Every structure is written in C-alpha cells, then in structure tokens.
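Working notes, beginning with the structure itself.
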Ligand SMILES: [Zn+2]
C-alpha cells in the first residue's frame, strides 16, 4: 500500500525564489502542452501523444521565448507533462464511465492556492547525512522530520500551500502488518452534536485543540469581514485567515488520525454508515460543514483497516435508524428530532437516539453488538434491561499533540 508522508520544510529566501521559478516553469510546460492538445482538437487533428509533447518541450527549450526552462530540473518539467496525462486519463475515464466524472484539464494559474513540483529518482534528489532535502537546482532545504519514514521513498513533491507554507511530501510503499486479533467490533454513527458515537455508548467530541483552532479561524474571518476592501489591513487579515484555515485543517487531520488509529487497533471490525445516505437526511448547511470531515475520517478508517488486517464495513441505511430498536429490531415509527431518548414499546429497552443509531449501523454490517456497552456474541439475547441506554462518560481521545501526527 502506498502512503503519503508530509513534512514541513523551511526554504531560505534564495531557495524560495528557486522554488517559485520551478513552480512557474512546471506551470508553463503544463499550459503549453494543454494548449497544443486543445489546438489540435479544435483543428480536428489527432490527439498529441506524450512522446510528441516531450519532443516539443525539448525543442521549446532551444527557443529564446522558453530558454529559461533550462534553469530548472528537467525531471520537474517531465513530471508536469505526466500530470497533464493523468488529468486527461481521468477525464476520458469519466466519459467512459470507468471513473467518477471529471472536468477536462484546466489551465494552471499563478494565483492557484496550491503549487507543487515533483522530483523522481531520475532527478537525483536525496536526503543528506545532515538530514537536509537536497533538490537539483534548488539546494539543501531544512526539513522538520516529525516522524520516521518506513522505507526509502523514490519520489518527493514540494508543495506550497495557501498559507505560504512549504511541505515535502513523500510517497512510501508500506507493507500491511496484521495486528493481533481481538473480539471487539464497533458501529460508528457520525453526527453533528458529537463527532462520533460508538455502539458501545462512547460519545466522542472534537478535542480541545481542534475546537480552539476553529474558534481562532472564526475570529480571523470576522476580523477580515470588517476590513475595508482593497486596504492594506484587509490583505494582512486575509493572510491571517489562510493561516488559521491551514492550522484548523492540520488539527482536524491530527484528530482523525488519532481516533481512526485507536478504533482500528481496538476493534476487529468497524462499521460506518454510508455518508451519501446520511447526507440526504441532513440540512444543507450542516452537510457542507461536516461532509468533508466525515469522508476524510472514513477514508482513514478504510485504509488503516486494510493495512492492519481488520474488517471495514460501509453500510447503506435503508430506513431511519431511529425508527428501529437496536435491542429487539422492532420498527415503531418515526420520532421527531427533539426526542433524544425513548423506551421501546416492544421490549422495554431504554434507548438513546445516537447510541441506538450506532448500534443499528453495526448490526446492519452483520456485527454483533448491543446498545448498552456490553458486547454480545452472535446469537445471544439482547442485554439486560437495566444495562441498556446507560451513558458512559465521553472518553478523551487525544493524547498530547507533541507526539505529532502519526500516519498510522
Ligand atoms: Zn425493542
């Protein structure tokens, strides 16, 4: 399995200039090639292949208009052509119905918020004995190595994000490792009031470091909206918002990593409802805010399950889970949203709306759990009445952020 590891890098002023040049050259090569293909298409000529584009690039470097392309590593430019090929492949694949539909490749702009260049092994990049990242025609960049790389990467991308930060991103081949088997299974209900509710009754909220980052972002956005358009202070406020955005995204990713790792380590099987189904039931506003977070989180659960030999279930919901008792399975009709707890008329179980939903998610995936925290083996009767619907205290899921973001 291929995993991506990113590290913050701190280029010097001269290196930033060299990187800006590399970003610019990669963009021009991409746009030139895209234009050549589009012109050919408009003229009814055949599609220009990758080999022909490479030849055109080599020829362009010898012209006065494009001579400056020789100032950057040729691998960067070749990789930019590869990116264009990938964009076309995704586009054509979408047209043939093989992939999700994608728009046609678009011209890159200097104003794009994210810029990147890629160096393959051919470029001769390396990590020096002093721990710097040596890039051809750019120099030795200082890297903050926040964790170990599991194996030697062959490719590195250097990315500049919207907040002006630089990252080195390595793709590393990782061998799956099977964790010791455990009997625990869990159903997860992703919600609005709580980030997640587990079928064992645990309610998980966002950790404090994430809520703090979100609060700072909100304040930065308010400050920005009060600044006069076109003013210097507005430009400054905008950079602050971009930085706060970046920090919030980092904090959210860290939280997702910690929680998904914990759930996969502690459980043999994990079930999450299909978010597309869930989204339908939500109001538009809530959906936009939460969808991104949910899908990033479930993606992590899925790849970590594969990596650690665990089972991951994504289940579709055919009927609102609040209508079905997770203890006896009787459907007793819809309940308005403000009803958070009720007693099942059929079996008498006291049910918590959210925990009941999480337990139903697990059951739909064929996992045997009870709604009360006691896990039952398949075929056993539901839990005791006095146990059902208890509310264990929310468990803290964060363990100090100085440990850094672990990939696993
Ligand atoms: Zn019941």
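The values are calculated or read from the model by the stated rules, or taken from the named source; none is laboratory data. As the structure is a computational prediction, the values presented were derived from the model and not from experiment. Quick reminder, even Gly has a Cβ in these numbers, built from the backbone with ideal geometry, and neighbours come from all protein chains shown.
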Selection from region 354-373 of residues modelled with pLDDT of 85 or more and either surrounded by fewer than 21 Cβ atoms within 10 Å (Cβ to Cβ) or within 12 Å of the ligand (Cβ to nearest atom) (or both) yields 356, 359, 360
What's the total number of residues in region 61-86 that are loosely packed, with under 14 Cβ neighbours inside 10 Å and in contact (Cβ under 8 Å) with a residue 60 or more places away in the chain?
1
Looking only at region 207-214, decide whether some residue is touching a residue at least 24 places away in the same chain (Cβ under 8 Å) and in contact with a strand residue (DSSP E or B) (Cβ under 9 Å, 6 or more places away or on another chain).
no
Return the residues of region 32-57 that are out of contact with any helix residue (DSSP H, G or I) (no Cβ under 9 Å at 6 or more places or on another chain) and within 22 Å of residue 74 (Cα to Cα); say none if nothing qualifies.
35, 49, 51, 55
Need a quick list: strands (runs of 3 or more DSSP E) entirely within region 96-143 having at least 2 residues that are within 17 Å of residue 80 (Cα to Cα) and assigned by TED's automatic domain parsing to the domain that holds residue 21.
115-119
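Being closer than 16 Å to residue 193 by Cβ and within 14 Å of the ligand (Cβ to nearest atom) is the filter here, so list the residues in region 328-350 that pass it.
Here is the first cut: in region 328-350, the residues closer than 16 Å to residue 193 by Cβ are 335-341.
Correct list: 335, 341.
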Residues located in region 87-111, provided they are without any contact (Cβ under 8 Å) to a residue 12 or more places away in the chain and either more than 17 Å from residue 27 (Cβ to Cβ) or under 20 Å from the mean Cα position of the chain (by Cα) (or both)
89, 92, 93, 94, 95, 96, 97, 98, 99, 100, 101
Which numbered condition residue 309 misses (of (1) at pLDDT 85 or above; (2) surrounded by fewer than 17 Cβ atoms within 10 Å (Cβ to Cβ); (3) within 16 Å of the ligand (Cβ to nearest atom)):
(3)
When you go through (1) at positive phi; (2) at pLDDT below 80 one by one for residue 282, which number turns out not to apply?
(1)
Which of (1) more than 21 Å from residue 4 (Cβ to Cβ); (2) under 27 Å from the mean Cα position of the chain (by Cα) does residue 82 not meet, given it meets every other one?
(1)
